[in-house]
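Notes to accompany the following structure.
The values are calculated or read from the model by the stated rules, or taken from the named source; none is laboratory data. Everything quoted here is computed from the prediction, not taken from an experiment. Here the Cβ positions follow ideal geometry from the backbone for every residue, glycine too, while neighbour counts run over all protein chains shown.
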């Protein structure tokens, strides 16, 4: 009657106790028969043979095949029927084997599955009442035997009910443990995601501020210094040769020229390293090569249209958007290849980043992620827009379009 959901060691221990019971009662009953002396001389060999048969029968069917207990109906029905008949014959030979016969009540619930255990109890009870030479047919014996069978059935039902409740509690505890482990994993993932988003947001904020400062320096300080320098050069050209202000004007122009160089150097240092060394198209090529080298994902770069010099904030935004899009592909898309397309239009510049990964459904596309939200804010800050198209199993395409208008130079 061991619970199938018990831990293996505990289940073996419980089954071992029940399976040892027939051996113990066989020994006890045999000892009682020798003490009682109610066996005729010619019956002793039969009792010995039957005892060996019971031990062998029980060993083969139950002890050597524990996987059949309460599971395999056909072999366990054969086992139980044989056990009842053999012990009944021994009970017929000597009343001292009555305890051995009683073990059949317990073995019905050890061997037979489900409701068949109650059929086993009924068979044991009926054979005790109706079997020839077993119990004397009297009202008292009938009441006692029927009460014993009912008690055995009730005890077996109680034990199985307890086992079922124990199994359900164990399963509930295991489910609770699994749920707790999943919650802990989800919490760890959320914490890791939060840390990554904080880092990315900080990096994005730093990049946005650097881009803003570079634009401010380029558009105000550098532009103003260039205007001052051009005015000083014009004044110097209009002065008469040998005029006393020549030296002062030239000195002022030299200071303005040096300050303008420092302002432009500051603008270059505030921009991404790739853009400091090359135009946007070549900077993208450098990003793609670095991505392929470090991530191992093939990326094809296409540049179409007439390459032009774009405003620094636009170049910075497009380059960083390409880096973010490639990073997302590596993390989430499970793609085998990606394509990056930079298109110069008359009044706009467009960037397309496509992959052949598993894609996402509509809800995921609409919801997006923090990386996409940061990218969108950065693109919208320069007047552009972000479009994301995806279908499950057919990849994802990210499109960024930034109008140039009068900002192009």
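Tabulated values for the structure
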item	result
For residue 179: the one exception among (1) loosely packed, with under 11 Cβ neighbours inside 10 Å; (2) assigned to a helix (DSSP H, G or I); (3) modelled with pLDDT under 80	(3)
Meets criteria (at pLDDT 75 or above and either surrounded by 11 or more Cβ atoms within 10 Å (Cβ to Cβ) or assigned by TED's automatic domain parsing to the domain that holds residue 94 (or both)) for residue 189	no
Residue, farthest from residue 386 (Cα to Cα), within region 330-345, restricted to residues that are modelled with pLDDT of 85 or more and not in a strand (DSSP E or B)	336
Within region 336-351, considering residues that are closer than 16 Å to residue 298 by Cα and crowded, with 16+ Cβ neighbours inside 10 Å, the one nearest to the chain's Cα centre (by Cα)	338
Some residue of region 291-309 being assigned by TED's automatic domain parsing to the domain that holds residue 349, buried (at least 18 other Cβ atoms within 10 Å of the Cβ), under 33 Å from the mean Cα position of the chain (by Cα) and more than 16 Å from residue 356 (Cα to Cα)	yes
Qualifying residue in region 353-362 (condition: at pLDDT below 80 and within 25 Å of residue 289 (Cβ to Cβ))	no
Which numbered condition residue 269 fails, given (1) within 43 Å of the chain's Cα centre (by Cα); (2) at pLDDT below 85; (3) part of a helix (DSSP H, G or I)	(1)
Filter result for residue 112 (within 25 Å of residue 49 (Cα to Cα) and in the same structural domain as residue 49 (by TED's automatic domain parsing))	no
In region 236-247, the residues that are within 21 Å of residue 258 (Cβ to Cβ) and surrounded by fewer than 14 Cβ atoms within 10 Å (Cβ to Cβ)	237, 245, 247
Condition broken by residue 368, with the remaining ones in (1) within 32 Å of the chain's Cα centre (by Cα); (2) more than 29 Å from residue 202 (Cβ to Cβ); (3) modelled with pLDDT under 80 satisfied	(2)
